[in-house]
Structures are given as C-alpha cells and as structure tokens.
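Structure first, then comments.
The values are calculated or read from the model by the stated rules, or taken from the named source; none is laboratory data. Bear in mind the structure is a predicted one, so any value in this text is a computation, not a measurement. All Cβ positions, glycine included, derive from the backbone under ideal geometry; neighbour counts span all protein chains shown. Heavy atoms of the whole protein, side chains included, go into the accessibility calculation; ligands, DNA and RNA do not. Shrake-Rupley method; radii C 1.70, N 1.55, O 1.52, S 1.80 Å.
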Amino acid sequence: MSFSSDEVNFLVYRYLQESGFLHSAYTFGIESHISHSNINGALVPPAALLSIIQKGLQYTESEISIAEDGSERTMESLSLIDAVMPDVVESRKQAVTKSTTVKTETSNTNGDDGAHIVGKDNHSENMEVDGAVDIPSNKSTVLRGHTSEVFICAWNPTNDLLASGSGDSTARIWNMNDNKSGTSANQLVLRHCIQKGGTEVPSNKDVTSLDWVCDGSLLATGSYDGFARIWSIDGRLVNTLGQHKGPIFALKWNKRGNYILSAGVDKTTIIWDANTGSCTQQFAFHSAPALDVDWQSNTAFASCSTDQCIHVCRLGDTRPVKTFQGHMNEVNAIKWDPQGQLLASCSDDMTLKIWSMKHDTWVHDLQAHEKEIYTIKWSPTGAGTNNPNQNLILASASFDSTVRLWEVDHGTCLHTLTKHTEPVYSVAFSPDGKYIASGSFDKCVHIWNVQTGSLIHSYKGTGGIFEVCWNHRGDKVGASASDGSVVVLDLRK
C-alpha cells in the first residue's frame, strides 16, 4: 500500500475547495500541477482528506490501546496533534500499559487533552431542533445527478427552473414546476467542454458561478476553465465567451440583459456583449485576482479583489470612477443596495463596510464577527420592491458560524442568528424580505424571521451547504451541497 505526492496534493486541493478557500485552491492547484495528474476527481468522495486522517487516527489509537497479549484497554481519544507527536504517543502507550482506569491514563499523560480536531460530531447535542420547525421529508426533494460538490444554485426569475453548478464540470437545470419526484428525467445537463485536438472533451474544471438573465430566457455560467458560457432555457449552448486567462470567480447579467460582467483570477473584469459574445471592455485595475463584481446600473459596476481594493468602473471610462480602500485583507464579496446608492463589502479582515459614492471613506465599519465574512446580501426593500417603507437590512454570513442582520441607517446589529455550528457560506432573503435562509457546512438550512430573528424552519441534509436561494414566489428554497446533492424545500402550507 502506497500513495503518491500527486494523490496527497489532490486531496489537499479538494479540501481547500470544500472549505471555501477557492482562490487558495486554485493557486495550490497551479503550483502542484493538479491538472496534469490523472486522478478522476468525480470519483473522489467529499471530505476524503478528513476521512483518511480519521482512519489513521483510529489506527494510532488501536496501536496504543492493544497490549502485547492482544487484550484491549480503554483509552481516551487522541487529538490529531497528539497523534503526530512521537513523545506523546510513547507516553500514552506506557500509560495504557500501567493504568487500570481511563482516569489514570489521562492523568499520566496530558491532563488537558485539548479540542479533538477530527472525531465524533461535537455538535450533535446542539442540533436538536424544535419539532415544529423541522421540515418534514415529504416537503423536501433531493435532486441527484451531479458527481461532485455543487458550489452554486439559482432559481429562474420567472418559473421554477433551478440551475446548479458543480465540480463535475457541468451545470444542470432542474424542472421543479409542479415536480414531486425529483427524478433524473427532469434535469438538463449542460456539459462544459473545451476543444482539444479538434474534438470536444470535458473541461474537467469546476463550474463556479451562474446567473439567469432577468427575463429567465438565458443562463450564464462561469468556469475554472476560463470560459463564460451562455445557455438557452432548453440547455443549448448559445455562446462561449473566451478572453479571461484562468478561472472565472463571478459573473452577473445587467438588468437590461444586454451585458454580462465577469471577474477572474487574471486580475481583470470584463463587460461582454451578450448578443455577440464579444468582449466590449476589459478592466485591468486590480493587482491580484478579482473575486466579485456587482452592477450599480446597466453600464457601471463595482469589483473587489484579494488586493484589498474596491473599484467602481463605468463602460467607456479608462480609469475607475472611484476606488474604496480600507479593508485589511482580501475582499470576498460586494453588493449594491437595491437603489444602487450604497455598496456593502465583506472581507477576511472580519469586517463589513458600507460605502457611498458621495464619500471617499466608509460610511459604516461594522465589526462584530469573530472570523472571516464569506458573503453578504441586502434585503429587497425600498422603492420598487415589495417593502417600500421598510428600513434597509444587510445580512452577513461568517465562518464564525453566525449570520448577522444589520440596520444600515445607524450601523447597528439587529439580530445574531446562532443555530449553525459550522461556517455559514450563504444567505438569501425571501422576495418579500420577511424571511432569510442560511446554509452552512453543518449540513443545515435554517429559515429565520427577519423582524424577530427567530428560527422558523430547519432542514438537515447529507452534505455541507454551499448556497441557498429562493424562487420568485418565495415558497421554495433551493440548496446545493458538498456531497453532490441539490435540495428543494417546499414551504407551501
């Protein structure tokens, strides 16, 4: 039995992806030549690295606890750090040999064992949810077909078609219009292929971003293969957009539906003509990978980067209209409020910042999260939405396992939503702004009342949740997961 450095590198690469460190995974993949290895990633199960380490840990524990005569003595679990320290392992062996009780064994060695990095689910006692809020199995449909983790999902804005994008180099469109079964018959598979030697072959790269045009007639996808693609509603490839050099991290349609905006590892952002598929303008103002983009209007947008900067750019202008600086680490996501007046940003520096085109520095610097903030969303409030009189609310999702709801006028935290037990990757407001869904790597989707901060519904799936989204009517929530599943929760009474 042996393993190669290629295999170890692939497991580390996959672990970085599953943990949400997508640009770290990309950099590691380039430096370790992942693309040149012949490992079929679709066959590697989620959490493979942790699973292998867990088995190694159990073997080490067995080695210590089995005496020379073959008898077994009970011992307390090793922490991962203990297990890789020869002195600790040796002292454990001696302690197990001498001791007659678990208490003696632990007192002879560590005294304080520390946190178990890998082991039983430490959160199981916290996961008990009030029976009234659990979503029953007949209200959840699990869609299977993807063969690798599903990073993203998005509902069509006009009907119940759910799009998903995966590490298996496909996007899929699931028809959930009055669908009960969740069978494979209701999925369209959008295969992301590249030209090689005159033939089309699967790109073997992750589909990492997707967005529906506002009338729901077209779907745009962005991939680690460096191409953006436009698909028709029946799964036909309409256009391939090729100008980025390397992975695309984000892409968005403008409201009018004539331009697509993308951000890439090549440090640039591009405005594409959606009709012709040509590059209308490429913006090269960042000094490191561009991570997110968001339209302010049909021709102006903001972009953020690992370079800690935010640029506001306009079609036709050769320099940024405005540059916001103040974050002390990479900026993960940016979002304009529904009126395009305020720009919110979140960062690995654990802060949220609110910016205005009228000011050169931030309007609010919101500091409460204890770890990196992965994403943010504005409530759909104000003129032209379902809630014209409600104050603007901003939601933030963090690796500290919490979601926070902020009242932006005064920069105060209204609620801290604390039911999750692992990093929260995604939040989404219902179309009426009354509810918010959150998805975490603890495999749970929680749905909360925005006004009170109380938990309304809970669902526990089979994989860590990367993304949650609401359909246009606000009666279904979609969620995509690390084990290749896509889940639809039907909230209709």
### Message
For the list (1) at negative phi; (2) modelled with pLDDT under 95; (3) open to solvent by 10 Å² or more (accessible area, probe 1.4 Å), I need the number of the one condition that Thr381 fails.
### Response
(3)
### Task
Please enumerate the residues belonging to the stretch 6-54 that are among the charged types (D, E, K, R), in contact with a Ser or Thr (Cβ under 7 Å, 6 or more places away or on another chain) and surrounded by fewer than 18 Cβ atoms within 10 Å (Cβ to Cβ).
Asp6
### Task
Would you check if Tyr59 is buried (at least 16 other Cβ atoms within 10 Å of the Cβ) and assigned to a helix (DSSP H, G or I)?
no
#### Entry: Identity of the residue in the stretch 129-169, assigned to a strand (DSSP E or B) and of a type in the set (Val, Ile, Thr), that ends up surrounded by the most Cβ atoms within 10 Å (Cβ to Cβ)
Val150
### Message
So Ile447 passes all but one of these: (1) over 21 Å from Gln339 (Cα atoms); (2) open to solvent by 10 Å² or more (accessible area, probe 1.4 Å). Which condition number does it fail?
### Response
(2)
### Query
Across the stretch 277-312, what is the total count of residues that are of a type in the set (A, V, I, L, M), in a strand (DSSP E or B) and open to solvent by 10 Å² or more (accessible area, probe 1.4 Å)?
1
### Query
Quick one: what pairs do we get from the stretch 49-64, first residue within 16 Å of Ser79 (Cβ to Cβ), second open to solvent by less than 90 Å² (accessible area, probe 1.4 Å) and part of a helix (DSSP H, G or I), C-beta under 6 Å, 6+ apart or different chains?
Leu57/Ala83; Thr60/Ala83; Ile64/Arg92; Ile64/Lys93; Ile64/Val96
### Query
Taking strands (runs of 3 or more DSSP E) that do not extend beyond the stretch 194-276, which have at least 1 residues that are open to solvent by 20 Å² or more (accessible area, probe 1.4 Å) and among the polar types (S, T, N, Q)?
199-202, 237-242
### Message
Condition first: on the phi > 0 side of the Ramachandran plot and modelled with pLDDT of 95 or more. Can you find one or more residues in the stretch 236-254 that meet it?
### Response
no
### Query
Which residue pairs have Cβ atoms under 6 Å apart, sit 6 or more places apart or on different chains, and have a first residue in the stretch 320-345 that is touching a residue at least 12 places away in the same chain (Cβ under 8 Å) and a second that is among the small types (Gly, Ala, Ser) and crowded, with 20+ Cβ neighbours inside 10 Å?
His327/Ser347; Asn329/Ser347; Val331/Ser345; Val331/Ser347; Ile334/Ala302; Ile334/Ser345; Lys335/Ala344; Leu343/Ala302
### Message
Out of the residues in the stretch 325-341 meeting the condition of being assigned to a loop (DSSP other than H, G, I, E, B) and of a type in the set (D, E, K, R), tell me which one is nearest to Glu372 (Cα to Cα).
### Response
Glu330
### Query
Is there a residue being among the basic types (Lys, Arg), open to solvent by 40 Å² or more (accessible area, probe 1.4 Å) and either farther than 19 Å from Glu372 by Cβ or within 20 Å of the chain's Cα centre (by Cα) (or both) anywhere in the stretch 347-361?
yes
